[in-house]
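Participant: Before we start, here is the structure in question, set down as structure tokens.
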Amino acid sequence: MRALILNADYSFLSVAPNWMHGLRLMLRGRVTPLETYNKTVKSENREHVLPAIAILKDYAHIGRRRQAFALPTHKNILIRENFCCAYCGCKVTLRSVTKDHVLPRSRGGKDDLLNVVAACVTCNGKKADMTPAEAGMKLRVQPRHLTDEEKIGVIMKYHDSSERQVWLGWLKKNGVSLF
């Protein structure tokens, strides 16, 4: 059971990799649990509830690093394109997807969400180092930034359904948007 970690301003910060990490943050006084799981763990002297959603007590300045949702990662583009190739529409998976730069990087195209789409191996090979128009291909939809719902999908897609249910339930109940 992992914990959704929020910065002190309720913005998304990270997901604790396992229940021990979330519990350790709580026991060290770094976070305050906002929601807990129904499960507990026992130590030699105490029984501890496991945090499901925790907020940092002190704001963490994350500096100038790019937000995770602005990066053209495989997860981000797959969620945005509904696990389909941007050219032919065939289903792709995290293992089979390739990132395609609409305007190739060799021609000055940027590595960002507005220039990267999910493509199957066949379409990416066919397009190669050309623009879609030069390759005689057409994009089904134009690249865009992720919506808030898609951002939540990126966070939660690869976590257990029991974790997602607790996180989404609390976010909806309290009217909190992570972004």
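Participant: Which one is farthest from W167 (Cα to Cα) among residues in segment 34-47 that are surrounded by 13 or more Cβ atoms within 10 Å (Cβ to Cβ) and without any contact (Cβ under 8 Å) to a residue 24 or more places away in the chain?
Facilitator: The selected residue is V41.
Participant: Of all residues being surrounded by fewer than 12 Cβ atoms within 10 Å (Cβ to Cβ) and among the hydroxyl-bearing types (S, T, Y) in segment 117-176, which is modelled with the highest pLDDT? Just the residue, please.
Facilitator: Per the criteria, the residue is S161.
Participant: Tally the residues that are touching a strand residue (DSSP E or B) at 6+ places or on another chain (Cβ under 9 Å) and closer than 16 Å to L50 by Cβ, restricting the search to segment 7-17.
Facilitator: 2
Participant: Right, V176: touching a residue at least 24 places away in the same chain (Cβ under 8 Å), within 30 Å of W19 (Cβ to Cβ), assigned to a loop (DSSP other than H, G, I, E, B) and of a type outside the set (F, W, Y) or not?
Facilitator: yes
The values are calculated or read from the model by the stated rules, or taken from the named source; none is laboratory data. Quick caveat, the model's predicted, so the values are computed rather than measured. Neighbour counts run over all protein chains shown; Cβ positions are idealised from the backbone, glycine included.
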